[in-house]
Amino acid sequence: MKAFHWTKQVIVWLGGREPLVLLSLFLLFAGTWIFIEIADEVIEGESHAVDKMVVQAMRRTDDPATPIGPRWLQEAGRDVTALGGIACLVFFTLAVAGYLWLDRNHRLTWLLLASTISGWVLSMLLKRFFSRPRPDIVPHLSHVATSSFPSGHSMLSAVVYLTLGTFLAAVVPRPRLKVYVLAVAVAITVAVGVSRVYLGVHYPTDVLAGWAAGLVWALGCWLLARWLRRRGKVESQKTA
């Protein structure tokens with residue numbers, strides 16, 4: 001009963017029982033549960049067999065150093081994975097922040113920067129805590145310098161692109177534009193995660209955990225922004 005009462009109070013605190021708020025809370029709790037379950041399996045080694053099988057399935061059986069698919073797909077994998085690198089993430093974050101600032105959403109701009117920077121810090125702390133070694137069953141096709149779990153590219157892509165998507169969707173007027181912005185953010189996040197396994201630098205559980213953690217962080221930031229907006233602390237959403 002206490003848990004139910006606490007959940008009800010959180011929903012009211014965030015602004016009511018709107019379907020979008022309820023869905024966001026469900027995804028937030030589901031993402032947290034998924035991350036914990038994956039982390040538990042990784043720590044106990046229960047996922048290693050499946051992880052190994054998926055990584056090996058993305059390489060040619062006669063040449064583990066070569067990914068499956070045509071040469072253009074291999075090149076595309078490297079291009080896509082760069083979208084989850086620090087340089088691209090910083091570039092797109094500053095680009096959207098500049099748009100929000102020029103659109104006179106100054107407080108929303110600062111909230112966006114705080115959300116993405118804190119997400120990066122969280123990713124580094126999680127990596128240091130779990131310290132999972134990188135896959136060593138196939139040659140790496142991308143330079144790596146940190147531990148494997150959770151996937152930093154996957155988590156930061158979710159943190160940055162989903163946060164950018166939700167914040168940008170809040171200031172564009174038409175519903176179809178909001179859906180488009182969010183769809184692009186999700187597509188980039190998924191593509192980056194898949195590319196990390198394709199390049200042999202992450203296990204699939206690293207990517208799934210990164211997606212889950214990034215989704216939770218992005219949703220949390222969106223709910224915070226929504227709560228602040230309803231109280232006049234950040235700029236109000238524009239309408240058509």
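The values are calculated or read from the model by the stated rules, or taken from the named source; none is laboratory data. Not measured: the values here are computed from a predicted model. Every residue, glycine as well, gets a Cβ built from its backbone with ideal geometry; the counts of neighbours run over all protein chains shown. Remember, those area values only see protein heavy atoms, side chains included, never the ligands or the DNA or RNA. Shrake-Rupley method; radii C 1.70, N 1.55, O 1.52, S 1.80 Å.
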For the chain, the accessible surface attributable to carbon and sulfur atoms (probe 1.4 angstrom, ligands and nucleic acids excluded) amounts in percent to 70
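Summing +1 for each Lys or Arg and -1 for each Asp or Glu, what net charge is found among the other residues whose Cβ lies under 9 Å from the Cβ of residue 154? Write down the numbers at each step before the final one.
Numbers: positive: 196; negative: 206.
Here the charged neighbours net out to 0.
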With T = 25 °C, eta = 0.890 mPa s and Kirkwood Rh from C-alpha pairs, the Stokes-Einstein D of segment 24-70 in µm²/s is about 190
Probe 1.4 Å, heavy atoms of protein chains only: per residue, the accessible area of the chain in Å² is 54
Here, segment 119-158 modelled as identical Cα point scatterers in vacuum has Debye log10 I(q)/I(0) at q = 0.26 Å⁻¹ of -0.91
HN-Hα couplings for segment 35-43 via Karplus (6.51, -1.76, 1.60; θ = phi - 60°), in whole Hz with x for Gly/Pro, come out as 4, 4, 5, 5, 4, 5, 5, 5, 4
Among [x] 1.08; [y] 1.63; [z] 0.98, the value of Cα Rg over 2.2 N^0.38 Å computed for this structure carries the label [x]
Full extension between residue 124 and residue 71 adds, at 0.36 nm per residue less the Cα distance, a length in nm of 15.8 nm
Per the rule of 0.36 nm per residue minus the C-alpha distance, extending residue 134 to residue 49 adds in nm 29.1 nm
Counting only residues 5 or more apart in sequence or on a different chain, those whose built amide H sits under 5 Å from that of residue 66 are 60
For the chain, the longest principal axis of the Cα atoms and the Cα long axis of helix 71-82 enclose an angle in degrees, to the nearest 10, of 40
Nearest-0.05 FRET efficiency for residue 186 and residue 101 at R0 = 30 Å, using Cβ-Cβ distance, is 0.75
Rounded to whole angstrom, the alpha-carbon centroid of segment 122-169 lies from that of segment 59-96 at a distance of 14
